[in-house]
Structure formats: structure tokens, C-alpha cells
Amino acid sequence: MTDRQATCSCGKLVVCTRGEPVRVSICHCLACQKRTGSVFGAQARFPSDAVTIEGQSREYAQAGDSGSIARFRFCGECGATVCWQSDALPGFVTVAVGAFADPGFPPPRVSVYEQRRHSWLGLPDDMEHFD
């Protein structure tokens, strides 16, 4: 079984995962673009019982483009978002792929909210694509 560790920039907020993610995806919604400061968010979804969260975090709740509320946990010291839970997906914790700082992390297989994708961004054809 694969154990991984995701952290904020300063290392005070740590998320440990067991096993492989049930889904790795990228999201082009405007909320993810604003939250990450990038043109999409990359995330890995794990069952809640495969995740432990250590350290203090602050929480920010925001409605996504779908209207569901996500509760983002971020470090109060460095401000980096490490994980979140969505009211629409009970029983799962989503972790920011970049927080793993692992270039060997499994690639995304799903791309969502592509109607908001930046036109210059190329994606593999073998991904699932959703508007």
C-alpha cells in the first residue's frame, strides 16, 4: 500500500494518505483558478478513512461553479491550501496534488469545467473531458 504525505509550504499542516487516490483530476472552474493562482487546480480524491490531517489549519468555505460548498483547509502560517472536503462528496477528502511535491504522482485522468479552460492549454486526448 502506498503512503504519501502532502504539506503546506512551511510544513506545519500535513496530510497523510494511504493507498492510491480514487480519482486524480484537474478543474478549470473560476473558483479553482482564483484559489490556486494558476489556470486550473489539480486534485487527488481519497476516502476519508485513508487520510489523516496533522497540524492546525484554518478553513475557508466557498461555493464552486456547481453550487456545492467546499471547505478548504489551509495553513494559517504560510497560507497554502492542502486539502478540502465538498458537501457534494461526503466520505472523501481531496488533496491538492502540488502539496505532495512528487513529480511521480499519478497523472490526472479527468478534466472538468473545460468551458473555462484557457485556450492555449493543451491536454492529453486520453483524459475524460467534461464541460
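The values are calculated or read from the model by the stated rules, or taken from the named source; none is laboratory data. This structure is a prediction, so every number in the text was calculated from the model and none was measured. Neighbour counts run over all protein chains shown; Cβ positions are idealised from the backbone, glycine included.
Taking into account only those residues within the range 24-41 that are at pLDDT 95 or above and crowded, with 20+ Cβ neighbours inside 10 Å, which is farthest from PHE105 (Cα to Cα)?
HIS28
Please find, among SER57, SER48, the residue that is crowded, with 16+ Cβ neighbours inside 10 Å, touching a strand residue (DSSP E or B) at 6+ places or on another chain (Cβ under 8 Å) and of a type in the set (Ser, Thr, Tyr).
The unique qualifying residue is SER57.
Restricting the search to the range 50-87, which residues are modelled with pLDDT of 95 or more and either aromatic (Phe, Trp, Tyr) or touching a Cys at 6+ places or on another chain (Cβ under 6 Å) (or both)?
THR52, TYR60, PHE72, ARG73, PHE74, CYS75, GLU77, CYS78, ALA80, VAL82, TRP84
Right, PRO106: under 14 Å from ARG23 (Cα atoms) and modelled with pLDDT of 95 or more or not?
Here the answer is yes, as PRO106 does meet what is asked.
Take the residues of the range 109-131 that are surrounded by 11 or more Cβ atoms within 10 Å (Cβ to Cβ) and hydrophobic (A, V, I, L, M, F, W, C): which is farthest from VAL22 (Cα to Cα)?
Looking at the filtered set, the residue picked out is LEU121.
Go through the range 73-91 and give me each residue that's under 19 Å from ALA50 (Cβ atoms), of a type in the set (A, V, I, L, M, F, W, C) and buried (at least 18 other Cβ atoms within 10 Å of the Cβ).
Within the range 73-91, VAL82, CYS83, TRP84 meet the criteria.
Name every residue in the range 1-17 that is surrounded by fewer than 17 Cβ atoms within 10 Å (Cβ to Cβ) and either touching a Lys or Arg at 6+ places or on another chain (Cβ under 8 Å) or over 16 Å from ALA101 (Cα atoms) (or both), in order of residue number.
The answer is MET1, THR2, ASP3, CYS16.
Just checking: which of the strands (runs of 3 or more DSSP E) contained wholly in the range 11-124 hold 2 or more residues that are touching a residue at least 24 places away in the same chain (Cβ under 8 Å) and within 26 Å of MET1 (Cα to Cα)?
Filter on the range 11-124 gives 14-18, 23-27, 41-47, 51-54, 81-86, 92-96.
Which one of the conditions (1) crowded, with 17+ Cβ neighbours inside 10 Å; (2) at positive phi; (3) of a type in the set (A, V, I, L, M) does ALA101 fail to meet, given that it meets all the rest?
All conditions are met except number (1).
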